[in-house]
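Notes to accompany the following structure.
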Amino acid sequence: MANAAGDDLEADVLIIGGGVAGTWAAIAAAREGASVILADKGYCGASGVAATAGPGHWWVPPDQRAQAIERRLATCGGLGDRDWMARILDLTWRTLPTLAPYYRFPKDENGVTQFRALRGPEYLRAMRMIVIDHGVTILDQSPALELLRRADGSIVGARGRQRQRHSAWSVRAGAVVLATGGYAFKSRLLGGQTNTGDGHLMAAEAGAEMSGLEFSNFYSIAPARTSMTRSMSYAFARYFDADGRELDIPPGPDNTRDLGRALLQGPLFCRLDRMPEDIRARLSRISPNVPLTFDRLGVDPFKDRFEVTLTAEGTVRGAGGLRILGEDCATNVEGLFAAGDVATRELVAGAMSGGGAVNSSWALSSGQWAGRGAARLAKQLGRRADAPTQAIGEVGLRPKERARDLDPRDIIRQAQKEMLPCDKNLFRFGPTLSASLSRLDRLWEDLRNGLACSGDRAIAAREAAAIVATSRWTYAAALGRDESRGMHVREDTPDEKDGYARRLNVGGLDKIWTKFEADCFSEAAQ
Amino acid sequence: MIELIIAERCTHCGECAKICPSNVFDAKPNAPPVIARLEDCQTCFLCELYCKADALYVGADCETANSTTFEGAQASGTLGQYRRESGWDEFDGDARFANEHWRMESVFARARDLARNR
């Protein structure tokens, strides 16, 4: 059943977020016999970064997995986990072929079906159909604003807004899965404008801990002033300065710091003339939205030099997120599970980007584990719908002082000034991070004391609060890890330090804390 | 950003308003939708993909909406391009628009070889 009307609903399991992880969570919970409601901020089937892209997967035949895991572990900065890697490899391999009735997998020249990489719009369209066929109730255009908590601290639902009907909704449930995606500060990352960290904020208000938020400074190349952060074509790029001089920058994908340095010198231009003719001819059949962008710009990317930029991807192609405590993707808060990019992917990506293959495999795997875990907990505890609950949203909803006239858009612009520039977030210096964090703390205090919105305006207010909150955790973690590891490079401490191959937890709202974990939960790379 | 709703083509089906991930449109009964929250447009082109009438034009510029006209959009030759090249609707099964997304892996491999022999 899709698009149920009704304001006060009940279910065994509530899923917040309808991208890859959320839809898999909904299906897995329904397969456990749970009644499931899925609330998506936008439209389940078009929302989320995967819907605009083409998720590849970590797709490795069983006999090659041990080797693949060792290779991956070697890049993880000591923070990856062999067992979790094996689990997502196994589940990815078993899961993707089950999509066949809903997604037409192409065959290669030899007639071999290609399961590894899916087109985003078709993948998510298929996921919506499967979710509906499992009897899940979908609430589209229904951002969650805050969680509902029982007196014992457990989470038993959420409330939010249906932004097209301009009405409130609430769902009481035995357990809740957060699948709200990574956060990217509204950087114009393709498909990422709704990835504002709402789930992180709601979870933190419930006392959830996060991990690895220092691994949140992945940047992707895109034509300047466009959203098209799909990077495959740039593997064939040449780069030029404003005077047309070719720059000594290697082709992608591992050239972000070179690009960042060039951009700090001035405008940066690119040409894709190294792309072989046969690939040019196929580009629209591989990624149809990439040539569309060039065509709309009136640019021939193989002949013309076009301006490029780096777009911040935050934790979307980063690695950090809500801390996971068990194989069912439970957080440290009773009744609250996390799946996909809202959860930490350090388990499978370590300190490196899990962008592309690993994060996609994580999303479909953690989604299923979290959905099943939530369904089992709900079955065990019951819905407990008669117990009194409290709505626990704070900033943007319930100010400490008298509400002031604060504009969420202005707040977001101020946070972006700290989070988007390469010289602050890509090239990290302790003193610069501290100065940014002080400004963000003051911004938070303003919000905390005076931002209060009701009705549909609460949605933008909560997005602003979440962007400032995630910005502060990001820089607190970047300061806490005063060394360099993986994508987190501190220019003032450029090497890995002994004893730092441990995950860094972060949390708190008004007062932020960071703490290194004692050990990773199974042995790291040897 | 979304720049144009072509009233001559729009069938008032409301699909763009329904699926827009950032809720840019307001659907109207028996009329084209209205671009009610332009600043929220994330330039993802999904509204075009879902528009069977090819009545929408999203500019590549994600910061500014230019004043593209129906004639200008038609002259660009790109109206309906994303839907067609994705092989949706009436283009489903058309070999010219086959899904070759799976080649991405081999494209990266070709690029690595080229870089090595540079």
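The values are calculated or read from the model by the stated rules, or taken from the named source; none is laboratory data. Just so it is clear, the model here is predicted, and its values are computed rather than measured. Cβ sites come from the backbone with ideal geometry, for glycine too, and all protein chains shown count toward neighbours. Ligands, DNA and RNA are excluded from the accessible area calculation, which covers all protein heavy atoms including side chains. Shrake-Rupley method; radii C 1.70, N 1.55, O 1.52, S 1.80 Å.
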For region A:408-495, Kirkwood radius (reciprocal of mean inverse C-alpha pair distance, Å): 13.6 Å
Label-point separation (nm) for A:D300 and A:R165, each offset 7 Å from Cα along Cα-to-Cβ? 5.3 nm
Rounded Å value of the spacing that divides the Cα centres of region A:85-142 and region A:323-363: 19 Å
Region A:308-368: which trypsin sites (Lys or Arg not before Pro) are DSSP loop and have at most 10 other beta-carbon atoms within 10 angstrom? none
Relative to 2.2 N^0.38 Å, what does the C-alpha radius of gyration of chain A come to as a ratio? Two decimals please. 0.93
Each label sits 7 Å from Cα toward the beta-carbon; between A:H134 and A:R71 the label points are separated, in nm, by 3.1 nm
CD proxy at 222 nm, helix term only [per DSSP H run n ≥ 4: -39500 (n - 2.57); per residue of chain A; nearest 500]: -10500 deg cm²/dmol
For region A:343-493, rounded, prolate or oblate, judged on the Cα gyration tensor with a ≥ b ≥ c (square roots of eigenvalues), a/c < 1.5 rounded, else prolate if a/b > b/c? oblate
What aspartates and glutamates does B:K28 reach when the alpha-carbon gap must be under 16 Å and sequence neighbours fewer than 8 apart in one chain are set aside? B:E8, B:E15
Contour minus Cα-Cα span, A:D498 to A:R104, at 0.36 nm per residue, comes to 136.9 nm
Would you list the membrane-span-like helices of chain A, meaning whole DSSP H runs whose alpha-carbon atoms span at least 15 Å along their axis and whose mean Kyte-Doolittle value is at least 1.0? A:20-31
If you plug each phi of region A:390-402 into the Karplus form 6.51 cos²θ - 1.76 cosθ + 1.60 with θ = phi - 60°, what whole-Hz ³J(HN,Hα) values come out, in order, with x for Gly and Pro? 10, 7, 10, x, 10, 5, x, 10, 10, x, 6, 10, 5
So A:D254 and A:K511, fully extended at 0.36 nm per residue minus their Cα-Cα distance, gain in nm 88.9 nm
Where the only charges are on Cβ atoms (+1 Lys, Arg; -1 Asp, Glu), what is the dipole of region A:408-495 about its Cα centre, to the nearest 20 debye? 240 debye
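So what's the projected area for region A:222-312, the Cα convex hull averaged over all directions, in nm²?
Result: 5.5 nm².
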Which cysteines does chain B leave without a neighbouring Cys Cβ under 4.7 Å? B:C10, B:C13, B:C20, B:C41, B:C44, B:C51, B:C62
Going out from 0 in 5 Å bins, what whole percent of all Cα-Cα distances in region B:2-116 drops into each bin? 2, 11, 18, 19, 17, 11, 9, 6, 3, 2, 1, 0
Distant alpha-carbon pairs in region A:58-106 (separation over 14 angstrom), percent: 56 percent
Per-residue accessible area for A:E445 at 1.4 Å probe radius, Å² rounded to 10? 110 Å²
Pick out, from A:V489, A:A206, B:A115, the residue whose Cα sits farthest towards the positive end of the charge dipole of the protein assembly as shown, with +1 on the Cβ of Lys and Arg and -1 on the Cβ of Asp and Glu. A:A206
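Once you have a ≥ b ≥ c as the square roots of the Cα gyration tensor eigenvalues for region A:40-124, tell me rounded if a/c is under 1.5, and otherwise prolate or oblate according to whether a/b is larger than b/c.
Taking the square roots of the gyration eigenvalues as a ≥ b ≥ c, region A:40-124 is oblate.
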Name the GluC sites (Glu not before Pro) in region A:283-355 that are in a loop by DSSP and that have at most 15 other C-beta atoms within 10 Å, would you? A:E327
Can you give the angle from 0 to 90° between the axis of helix B:104-116 and the longest principal axis of chain B, with both taken from C-alpha atoms, to the nearest 10? 50 degrees
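How do A:S154, B:S106 rank by accessible surface area computed with a 1.4 Å probe, from largest to smallest?
Solvent-accessible surface, decreasing: B:S106, A:S154.
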With +1 assigned to the C-beta of every Lys and Arg and -1 to the C-beta of every Asp and Glu, and no other charges, what is the dipole magnitude of chain A about the Cα centre in debye, to the nearest 20? 880 debye
